[in-house]
Amino acid sequence: MVIKKPIVISTKRKSESSDFEFSKDQVRMTGNNEIDSFRAHAWKVYQDTSIPTTRDEPWRRTDIRGLKLNSFQLLKENQKSSFSDIPKNLLEPIADGDHGGQIILYGHEYSQRLDEELSKKGVVFCDLLTAEKQHPELLAKAIGKIVKPEEGKFSALTGALAQNGVFLYVPRNVIIDTPLHSLIWGAELDFAQISHIVAYLEQGASATYVLEFASQTESKGQSLITNNIEIYVGPEANFRFVELQSLGKHVWNFTHERVQVDRNGMLDWIFGAIGGHLTKNFAELDLISKGAVGKMSGFYFTDDNQHLDYDSQQNHLAANTTSDLLFKGALVDESRSVWQGMIYVAPGADKTDGYQANRNLLLGKQARADSIPGLEILANDVRCTHGATVGKIDAEQIFYLMARGIDRQDAEKLIVEGFFDPIMQRIPFEGVKHRFQKAIADKMGSFIVSQ
């Protein structure tokens, strides 16, 4: 059993003023008994679970009392969204050549395509609504199996009320050489956007999937975005999963995501977060069988009054498993980051090799980074290490570069680029790397102007 951080669940119903105003009739039923049972259960858990507060340990450093709970509604199926046009750069290929498949979701509108050859091999890559209609048995095999409603208010909310999402299924021994890409766009004021992402790779399968959440920024008001992300990597399967979040600064963003890696499977999981007003993300890696390997790499860059809270867990549940986590963040202005990580080694999970590190660079006098690594080891013959740092740009590095004719602003840019370079080196495609590097450059440009 994995020992989780405590999550407080109250069985007392809250008044409408202390909860969202969603209703049971908004739970979408599909006609598939297993999916419908999951959603009905998720709704019950949602009703019985309180909005988290700073009294709950996982939320102790993230206060969401500013979230206007009773202001959010769901887009109706026949209601047109007013999302602004999607920037062209978000639709550009992320690797040499085109995508093997692409899904664009914006409100209730969507477009999707998948290479014909992949479709013939049995690959499914579609939006959640299409999966419910055309592939209900495959979807039922995976949805709600990895991220449970009981994990918190927002996981239950998403499980019950997901409006759309993405479903990826890769059959046994199918190798997808070209990356798959999906973009979930938009964050309209006073609306909730609720997405459920499910990926299932059978034994020996291989794929690369890039998932983006992005939106414009609204000057006033709030938007709510919640996501559940469930991924299963089968025996001897190989999955590269890239996430980039560049949401508008009016967005309150809550995500529960977990990847399970089976025997001798390999996962390369890459995060990038630059947007949102407040983000709380629970990201867990479960190594469930012998020989499973998982690498987690992440960067974040916050400014203004942004608040980003990543809660990561590397769970070694079997012997001879390996995990490697490196997260790096830079902060300017009055922004704040929280990273709390845990390596858990279950009884009998001998020969475990686990590593985690979090490095933070403070570029503003009022910026703050809380970095809390942890180990919980219940087995013998393991190697687990962790570390965390929080600091400012080294004055000696600035002096060194300026002494060689580089002005101060360019010197700061070079140092920040160098700080993030270990993360960039882990990114498999130049298109993705360029997307991340541009985001970092944009943030640095804003920082330099504000000095």
Next on the checklist: Can you list residue pairs whose Cβ atoms sit under 6 Å apart, with the first residue in the stretch 218-237 being under 30 Å from Thr321 (Cα atoms) and the second being aromatic (Phe, Trp, Tyr)? Count only pairs 6 or more apart in sequence or on different chains.
Outcome noted: Tyr232/Tyr200; Val233/Phe239
Checklist entry - If you take the residues in the stretch 264-291 that are charged (D, E, K, R) and touching a residue at least 40 places away in the same chain (Cβ under 8 Å), which one is surrounded by the fewest Cβ atoms within 10 Å (Cβ to Cβ)? => result Asp268
Item to check | In the stretch 233-242, the residues that are modelled with pLDDT of 95 or more and within 15 Å of the chain's Cα centre (by Cα) | outcome: Arg240, Phe241
Checklist entry - Taking the condition within 30 Å of Gln314 (Cβ to Cβ), open to solvent by less than 60 Å² (accessible area, probe 1.4 Å) and either at pLDDT 95 or above or under 23 Å from the mean Cα position of the chain (by Cα) (or both), does Arg61 pass? => result yes
Item to check | Residue that is assigned to a loop (DSSP other than H, G, I, E, B), in contact with a Ser or Thr (Cβ under 8 Å, 6 or more places away or on another chain) and not β-branched (Val, Ile, Thr), where the choices are Ala187, Ala192 | outcome: Ala187
Checklist entry - Among Glu132, Glu117, Glu212, Glu137, which is the only one that is touching a helix residue (DSSP H, G or I) at 6+ places or on another chain (Cβ under 7 Å), acidic (Asp, Glu) and assigned to a helix (DSSP H, G or I)? => result Glu132
Checklist entry - Of the residues that make up the stretch 243-251, is at least one among the hydrophobic types (A, V, I, L, M, F, W, C), outside any loop (DSSP other than H, G, I, E, B), at pLDDT 95 or above and within 20 Å of Asn358 (Cα to Cα)? => result no
Item to check | Looking only at the stretch 309-334, and only at residues there that are more than 23 Å from Arg60 (Cβ to Cβ) and of a type in the set (A, V, I, L, M), the one that is surrounded by the most Cβ atoms within 10 Å (Cβ to Cβ) | outcome: Ala330
Item to check | The one condition in (1) in contact (Cβ under 8 Å) with a residue 40 or more places away in the chain; (2) touching an Asp or Glu at 6+ places or on another chain (Cβ under 6 Å) that Thr322 fails to fulfil | outcome: (1)
Item to check | Pairs with Cβ under 8 Å, 6+ apart, first in the stretch 387-400 and touching a residue at least 24 places away in the same chain (Cβ under 8 Å), second aromatic (Phe, Trp, Tyr) and part of a strand (DSSP E or B) | outcome: Ala388/Trp339
Next on the checklist: Here is a list: Ser337, Ser297. Which entry is touching a Lys or Arg at 6+ places or on another chain (Cβ under 8 Å), open to solvent by less than 10 Å² (accessible area, probe 1.4 Å), closer than 22 Å to Ile176 by Cβ and part of a strand (DSSP E or B)?
Outcome noted: Ser297
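The values are calculated or read from the model by the stated rules, or taken from the named source; none is laboratory data. All figures in this text were calculated on a predicted structure; none of them were measured in a lab. Neighbour counts run over all protein chains shown; Cβ positions are idealised from the backbone, glycine included. Please note that ligands, DNA and RNA were not included when accessible areas were found on the heavy atoms of the full protein model with its side chains. Shrake-Rupley method; radii C 1.70, N 1.55, O 1.52, S 1.80 Å.
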